[in-house]
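To keep things clear, I will list the structure first and then write my remarks on it.
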Amino acid sequence: MNRILGTDTSHWSGTINFETMYKAGARFWYTKATDAYVDLPIQYEDSKFMKYCEDAFNHGKLLTGCYHWLQASIDPKVAADFYLERYRRFPFHLPPILDFEERSVITKRKFSDYAWRAQVWLEHVKQETGRVPLIYTAKWYTEQFEDKYLSWMKEYPLIVADYTCWSNKFKYLWCKEPRRK
């Protein structure tokens, strides 16, 4: 399995220096484009999305992408269309990305519903863009689901977070093969 250093950002990341990121070995970058409130059917664009994208494209040395944080409060096709409005603003290198790791799903035990929403979102985005989306998740998260809810994931490439490096220096594992059990 090959490792490629990269990072994901959102408004929580503060000021980003893309040249420093590149010199540290990062070769890809993606940022949160869209999200929704956990219990409210209200979507929003990440407050740093435009600024980060403008800066990343001006820098021009990293592969770029953006993701949608999936919430159960929004119809998945509506959420996909909201995300695609942002995705189409820039010539991203990476295909669309779905962040599949909402913690409230675990506490509310909504595994089947959340997995269904992910499938609908991914299929809709695939149809709209002609690109196979990536799923961004973490092992600790997918281990909470029974295999029957995630067997469909084998059709999508995964980005699996590897949080072994802290202090704002995150490593991500680029997986070409889906999760196996």
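So in the stretch 80-134, with the set limited to residues that are part of a helix (DSSP H, G or I), of a type in the set (Lys, Arg) and open to solvent by 70 Å² or more (accessible area, probe 1.4 Å), which one is farthest from Ala33 (Cα to Cα)?
Residues of the stretch 80-134 part of a helix (DSSP H, G or I): 80-87, 104-108, 111-129.
So of that shortlist, the ones also of a type in the set (Lys, Arg) come out as 86, 108, 117, 126.
Checking which are open to solvent by 70 Å² or more (accessible area, probe 1.4 Å) leaves us with 108, 126.
Details: Lys108: 25, Lys126: 17 Å.
The selected residue is Lys108.
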Checked against (1) surrounded by 14 or more Cβ atoms within 10 Å (Cβ to Cβ); (2) more than 15 Å from the chain's Cα centre (by Cα); (3) without any contact (Cβ under 8 Å) to a residue 40 or more places away in the chain, Asp35 satisfies every condition except (2)
If we keep only residues of the stretch 135-149 that are out of contact with any Lys or Arg (no Cβ under 7 Å at 6 or more places or on another chain) and closer than 28 Å to Thr64 by Cβ, then the residue most open to solvent (accessible area, probe 1.4 Å) is Lys139
Taking the stretch 38-71 and keeping only residues that are surrounded by fewer than 19 Cβ atoms within 10 Å (Cβ to Cβ) and either among the hydrophobic types (A, V, I, L, M, F, W, C) or under 17 Å from Ile97 (Cβ atoms) (or both), one is left with Val38, Leu40, Ile42, Gln43, Glu45, Met50, Phe57, Leu63
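For residues that are among the hydroxyl-bearing types (Ser, Thr, Tyr) and over 16 Å from the mean Cα position of the chain (by Cα), scanning just the stretch 1-32, find the one that is least open to solvent (accessible area, probe 1.4 Å).
Initially, the stretch 1-32 is screened for residues among the hydroxyl-bearing types (Ser, Thr, Tyr), giving 7, 9-10, 13, 15, 20, 22, 30-31.
When the remaining residues are screened for being over 16 Å from the mean Cα position of the chain (by Cα), the result is 15, 20, 22.
On the way: Thr15: 138, Thr20: 83, Tyr22: 66 Å².
The extreme case among them is Tyr22.
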For the stretch 1-27, pairs from a residue that is closer than 15 Å to Asp55 by Cβ and of a type in the set (Asp, Glu) to a residue that is open to solvent by 30 Å² or more (accessible area, probe 1.4 Å) and not in a loop (DSSP other than H, G, I, E, B), with Cβ under 8 Å and 6 or more apart or across chains, are Glu19/His59
Restricted to the stretch 48-105 and to residues being within 14 Å of the chain's Cα centre (by Cα) and charged (D, E, K, R), the residue modelled with the highest pLDDT is Arg86
Answer yes or no: is there a residue in the stretch 28-46 that is assigned to a helix (DSSP H, G or I), modelled with pLDDT of 95 or more and among the charged types (D, E, K, R). no
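The values are calculated or read from the model by the stated rules, or taken from the named source; none is laboratory data. No experiment lies behind these values; they were computed from the predicted model shown. Cβ atoms come from the backbone with ideal geometry, glycine included; neighbour counts cover every protein chain shown. Surface areas here come from the heavy atoms of the whole protein model, side chains and all, with no ligands, DNA or RNA. Shrake-Rupley method; radii C 1.70, N 1.55, O 1.52, S 1.80 Å.
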